[in-house]
Amino acid sequence: MRILLVEDDRRLAGAVVKGLREEEYAVDHAPTGAEGRLMASTRHYDLVILDRMLPEVTGDQLLAEWRRKGVATPVLMLTALDAVADRVTGLRAGADDYLIKPFAFEELLARITALLRRAAPGAALGPLLQVGDLTLEPDTGRLACGAEAVTLSAQEFRLMEFFMRHPGQILTRSSIAEGCWQEPEEITDNAIEAQVKNLRKRIATVSPRAWLQTRRGLGYVLEANPHDLA
């Protein structure tokens, strides 16, 4: 499960990110509403933890924008405003739950678990990705080409998603580590090569073409118009 935390208090954000990662959630942090908007438009999230009072773009504005677009991703709103009217405003704006600062991490974790449990299938934040006739569904992890399809594991999905968001671009091993792992400094070149090799095998189950190619000494590229495998 991947969570987006949009929170400008870096100390609080650091503690929440650390705690959620220890619970084996994948977590991205955006310190402003504008950065949260950008990250949500380029990556799949199962849940958003959204601070209400944010610089540049407020949490209320960001949430209203998502709901107008029909995005149903569960949103847990955080705020220091504890009046009943403030809570009602947040819920009416489209929040699925509301947590007042300061809060216990155990309560945050329980609310996240409850929201994810009742989230509707297909509610994930993120568009269908397509390169040529290869498609990737963020809400299911389903990779397809024509009538053939395969469901990717969480790590396979992150790697495939990264390539599909940069079609035709040569991606270095360091950029792949940064884009696909929480602790990129701990990922070796050999580990990345092994993951890419495994992903190639998964792609081959849905298409006979050489989508994912090596550029020796440079990195890897997902071709938009690949040739057939020899």
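The values are calculated or read from the model by the stated rules, or taken from the named source; none is laboratory data. What you are looking at is a predicted structure, and each value in this text was computed from that prediction instead of being measured. Cβ sites come from the backbone with ideal geometry, for glycine too, and all protein chains shown count toward neighbours.
What to note about this one:
- Gly219 surrounded by 15 or more Cβ atoms within 10 Å (Cβ to Cβ), farther than 24 Å from Asp28 by Cα and in contact (Cβ under 8 Å) with a residue 12 or more places away in the chain: yes
- Which numbered condition Tyr98 misses (of (1) farther than 22 Å from Gly141 by Cα; (2) in a helix (DSSP H, G or I); (3) among the hydroxyl-bearing types (Ser, Thr, Tyr)): (2)
- Candidates Leu115, Leu109, Leu4, Leu12, filtered to the one that is surrounded by 18 or more Cβ atoms within 10 Å (Cβ to Cβ), at negative phi and modelled with pLDDT of 90 or more: Leu4
- The residue that is surrounded by the most Cβ atoms within 10 Å (Cβ to Cβ), counting only those in segment 175-190 that are modelled with pLDDT of 85 or more and within 23 Å of His44 (Cβ to Cβ), is Ile176.
- Of all residues in segment 191-214 being touching a residue at least 24 places away in the same chain (Cβ under 8 Å) and over 17 Å from Ala177 (Cα atoms), the one that is surrounded by the fewest Cβ atoms within 10 Å (Cβ to Cβ): Thr205
- Residue tally, condition closer than 24 Å to Ala147 by Cβ and either at pLDDT 90 or above or among the basic types (Lys, Arg) (or both), over segment 211-230: 4
- Among (1) at pLDDT below 90; (2) surrounded by fewer than 18 Cβ atoms within 10 Å (Cβ to Cβ); (3) farther than 30 Å from Ala95 by Cβ, the one test that Gln169 misses: (1)
- Residue check, Leu78 in contact (Cβ under 8 Å) with a residue 60 or more places away in the chain and either under 20 Å from Ala104 (Cα atoms) or surrounded by 14 or more Cβ atoms within 10 Å (Cβ to Cβ) (or both): yes
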